Amino acid sequence: MQITPNGRPPFRADHIGSLLRPRKLRDAFRAHAEGKLDERAFRAAQDEAIRDVVKLQEDCGLQVVTDGEFRRISYWEKFVRLTQGLTVKEAQFKFHDDHGHESDFTAPYAEAQVGRGEPITLDEFEFVKGLTRATPKVTMPAPSTMHLYRYRDYADPQVYRDPRQFFSDLGKVYRAEIADLAKAGCRYVQLDEVALAMLCDPAARAKVKADGHDPEHLVDLYVDAINEAVKDLPPQVVVGVHMCRGNYKGMYLSEGGYDSVAEKLFGRARVNHFLLEFDTPRAGDFAPLAMLPKSKGVVLGLVSSKTPQLEPLDLLRKRIEEATKHIDLSRLAISPQCGFASTMGGNPVTEADERAKLRLCVEASKKIWV
């Protein structure tokens, strides 16, 4: 399918990118890390799993497919591993759930000037492109991923004292990566934006303020960083921004509606559309969609990737009707609210649940957009 940057989401049924890793693949990652599986055999295990997961997506009726992020430990791990100057330290936030359980996680850290020494996602795209007639989508962490998780100490101060210089250098990495993807035939890139979703949360904003930082300054900084990353975008490439409140084994990082960032993000980010989480009341209502310029569209993340319960089709139809009070149906699409496995461990759902949820999105798209 040839897609055109026109504001409307390119597919009525989309998904966010990461899919459940099969046990055989998880075992291969473990064996490779322990030195028990060589690079060639490890790559072969990834290839086999990706062939299977592309077929899974095709069988569900999707017109857009990913490699499931099967060459990554987490949604940002490979980007950080292959970008010069980045390493990993402990994050300054915690994942949590509705029962008060918490979990630490790691975050990128700039120990030297960042740069692109080699392609990061090009191999993912080229492999999937050779497997399917569907449109391959490439996902990448948004630039803010490299900053907010350790905003008090995101870089060696001898390397970066000004975050805008950091994002200027980081933007060059994205632009070179997207240019190579476009040359290879890629038409759809998704940036996974967690930081701006976290800045929708009053608790996260309060934490930032208590540390002497201005949340609104960070919003401006991160929207500008997106624009720096997509500057000089090849005209045939569509970019969507997925807003994510964190997704780790069913836990999350933040809550709160989009009101506090909508005007700046929707109005200023030079992207085609947004993929927004709306699966729980934590995401707020649809009113902020009225702030979207008419040149931009939205994929409504109405189907939960965190729980096995299958949403009734009538409920999805009703929620989309609610959204159309603020935005035209023609500018909307549907998807799960997030990936099924932003990290290797995955969410507490089965592959059968995953299939059913993806099929539900396709079924809903066919019955609602006729």
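Per-structure values
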read-out	value
Value at 222 nm in deg cm²/dmol, rounded to 500, when DSSP H runs of n ≥ 4 in the chain each add -39,500 (n - 2.57)	-11500 deg cm²/dmol
Nearest-0.05 FRET efficiency for Glu263 and Lys366, computed from C-beta distance (R0 35 Å)	0.55
Share of carbon and sulfur in the accessible heavy-atom surface of the chain [1.4 Å probe, %]	49
The chain - charge dipole about Cα centre, Lys and Arg +1 at Cβ, Asp and Glu -1, debye rounded to 20	800
Qualifying trypsin sites (Lys or Arg not before Pro) in the stretch 295-356, DSSP loop, other Cβ atoms within 10 Å at most 14	Lys325
Of Ala229, Leu196, Gln57, farthest towards positive along the dipole that unit charges on Lys, Arg, Asp, Glu beta carbons give the chain	Gln57
When each of Lys183/Lys366; Lys306/Lys367; Lys129/Lys231; Lys325/Lys367 is checked by Cα-Cα distance, pairs over 29 Å	Lys183/Lys366
DSSP-defined beta bridges in the stretch 139-284 - what % are antiparallel, rounded to 5	5
Arg12 - accessible surface, heavy atoms, 1.4 Å probe, Å² rounded to 10	50
Segment His217-Arg270, length gained on full extension (0.36 nm per residue, minus Cα span)	17.2 nm
Positive-end residue, the chain charge dipole about Cα centroid, Cβ charges, pick of Thr280, Leu181, Gly346	Leu181
Of the DSSP H helices in the chain, those whose Cα atoms cover at least 20 Å axially and whose Kyte score averages -1.0 or more	39-59, 163-183, 215-230, 351-368
Å² of accessible area per residue within the chain, as computed with a 1.4 Å probe and no ligands counted	40
Mean Cβ count within 10 Å, highest first, over the residues of peptides 289-295, 139-145	139-145, 289-295
Antiparallel DSSP beta bridges within the chain, percent to nearest 5	30
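The values are calculated or read from the model by the stated rules, or taken from the named source; none is laboratory data. It should be emphasised that the depicted structure is a prediction, and the values quoted were computed from it without experimental measurement. A quick note on method: Cβ atoms are made from the backbone with ideal geometry, for glycine too, and the neighbour counts reach across all protein chains shown. All accessible areas refer to the heavy atoms of the entire protein, side chains included, with ligands and DNA or RNA removed. Shrake-Rupley method; radii C 1.70, N 1.55, O 1.52, S 1.80 Å.
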